[in-house]
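The values are calculated or read from the model by the stated rules, or taken from the named source; none is laboratory data. Predicted model, so just to flag it, every value in this text is computed and none were measured. Note: ideal-geometry Cβ built from the backbone for every residue, glycine included; neighbour counts use all protein chains shown.
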Amino acid sequence: MPESSPGDPNAAARSRISAEAVAAFRATHGRAPDGVWSAPGRVNLIGEHTDYNDGFVLPFALPHRIAAAAAARDDQILTVSTLGDDGRLQAADPMRIPDLSPDAVEGWAAYPAGVAWVLAGQGIDRGADIVLAGNVPSGAGLSSSHALECAVALALLGLAGRAEPDVAQLNEIARWVQHAENDFVGAPTGLLDQTASLRCTASHVLFLDVRSGHADQVPFDAAAAGLQILVIDTRTKHSHSESGYGERRKGTERAAALLGLKALRDIGSDALAASLAALPDELRPLVRHVVTENQRVLDVVELLRADRLAEIGPLLDASHTSMRDDYRISTPELDLAVEVARDNGALGARMTGGGFGGSAIALVRESDVDTIDAAVTKAYEDAGWRAPRTFVAVPSAGAGREPDTAGASQ
Ligand code: GLA
């Protein structure tokens with residue numbers, strides 16, 4: 001059976017995580033935090049590896065979140081602890097914010113440190129105690145690291161007295177988080193994940209034009225059509241820094257440069273053939289993926305707006321094929337999850353996120369959820385692989401400050 005993952009209303013799970021962060025903060029620091037900020041993980045419905053090509057993406061926020069209970073300090077020291085799945089707190093070494101520099105911090109602490117480093121460049125460097133708790137699966141391609149970074153960024157900004165950010169400020173915070181990720185952590189990722197975490201809203205997918213930063217909230221109510229999005233975490237590890245993510249990115253940037261374009265976004269579907277003809281063989285599949293994927297995002301949005309959600313399946317399938325064969329970022333585990341889901345009735349399925357492991361999503365009839373889940377689990381068992389982790393996900397709320405019900409500042 002898939003784990004149940006309440007959507008919005010998912011208030012109970014959300015306030016539980018917030019309360020856990022507050023309790024862990026009190027246990028660590030012997031006082032209440034000044035506030036709690038939290039941010040969700042995401043799945044991307046479609047629009048993969050288009051973000052760093054100035055293109056279109058269509059993510060939604062997961063109900064899974066990371067909460068940061070935080071209190072200001074006046075000595076420019078940052079302390080961060082995180083509550084593990086086993087209920088134990090793991091503390092990073094205290095860091096002096098003015099001394100932070102890329103490559104100086106290793107492991108998970110590099111994420112909060114990177115955010116503090118970027119914000120210090122914006123004059124926000126007072127210091128803070130932060131305790132993290134959450135339930136975003138890590139290493140699953142569901143953006144747990146961006147959820148962490150966004151929660152920390154909002155916490156540090158909130159402690160500095162900044163008001164709730166408006167859309168323009170959320171875009172700016174997303175760029176800061178990207179700066180932390182690219183230049184401190186060392187992962188050359190785009191803007192999809194942090195923008196999703198910061199700007200998604202419950203019951204909607206976020207149709208984001210990465211070039212302009214403009215986004216439309218497109219209603220997405222699969223249950224109303226008797227459908228669900230089943231997330232299948234292959235539990236195989238991926239690492240963007242070590243994987244071919246950077247290579248793919250460089251390839252697309254080289255192609256754009258050869259074509260004299262700012263980004264591959266500038267190639268419309270009608271100009272694809274001519275563009276491919278002008279490129280060396282090895283770059284053609286990369287370009288074909290990005291251009292066709294942008295078009296698929298537009299097509300899915302058109303179907304959703306026409307209230308034809310049940311018809312997006314073939315576009316999800318085509319996206320997976322394109323990533324498997326052209327972009328070459330799928331894995332046997334992802335391919336098997338997608339194939340078995342489809343063979344057992346899914347209307348469409350694709351890997352989601354950066355690739356090289358992580359999760360797939362499948363659009364399934366509500367009545368087929370358990371059958372598909374069992375079939376994928378069985379197929380993994382037959383292949384001699386660890387069982388996947390599955391859950392049904394509905395579009396949930398984006399990042400923000402938690403209401404002060406969990407005992408913060410009391
Ligand atoms: C990862 C990156 C994103 C995006 C996706 C692929 O999640 O962090 O910026 O490039 O891969 O769409």
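Tabulated values for the structure
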read-out: Set VAL131, VAL136: member being touching a residue at least 12 places away in the same chain (Cβ under 8 Å), assigned to a loop (DSSP other than H, G, I, E, B) and buried (at least 22 other Cβ atoms within 10 Å of the Cβ); value: VAL136
read-out: All positions within the range 25-68 that are more than 10 Å from the ligand (Cβ to nearest atom), touching a strand residue (DSSP E or B) at 6+ places or on another chain (Cβ under 6 Å) and outside any strand (DSSP E or B); value: PHE25, THR28, HIS29, PRO33, ASP34, LEU45, LEU58
read-out: Residues of the range 308-361 classified as away from the ligand (no atom under 16 Å from the Cβ), part of a loop (DSSP other than H, G, I, E, B) and either modelled with pLDDT under 95 or within 27 Å of LEU191 (Cα to Cα) (or both), total; value: 1
read-out: Extreme residue, surrounded by the most Cβ atoms within 10 Å (Cβ to Cβ), among residues of the range 326-346 that are among the hydrophobic types (A, V, I, L, M, F, W, C) and under 17 Å from VAL231 (Cβ atoms); value: ALA337
read-out: Identity of the residue in the range 281-325, in contact with a Ser or Thr (Cβ under 7 Å, 6 or more places away or on another chain) and of a type in the set (Ser, Thr, Tyr), that ends up surrounded by the fewest Cβ atoms within 10 Å (Cβ to Cβ); value: THR292
read-out: Failed condition for TYR245, given (1) surrounded by 21 or more Cβ atoms within 10 Å (Cβ to Cβ); (2) under 20 Å from GLY107 (Cα atoms); (3) in the same structural domain as LEU148 (by TED's automatic domain parsing); value: (3)
read-out: Helices (runs of 4 or more DSSP H) within the range 164-278 that include 2 or more residues farther than 29 Å from LEU347 by Cα, within 16 Å of the ligand (Cβ to nearest atom) and touching a residue at least 12 places away in the same chain (Cβ under 8 Å); value: 167-180, 245-258
read-out: Those residues of the range 70-104 which are in contact (Cβ under 8 Å) with a residue 40 or more places away in the chain and not hydrophobic (A, V, I, L, M, F, W, C), in sequence order; value: ARG73, ASP74, ASP75, GLN76, THR79, SER81, THR82, PRO102, ASP103
read-out: Members of the range 174-197 found to be under 13 Å from GLY246 (Cβ atoms) and surrounded by 24 or more Cβ atoms within 10 Å (Cβ to Cβ), listed by number; value: GLU181
read-out: Boolean, ARG73 is more than 16 Å from the ligand (Cβ to nearest atom) and either in the same structural domain as LEU298 (by TED's automatic domain parsing) or among the basic types (Lys, Arg) (or both); value: yes
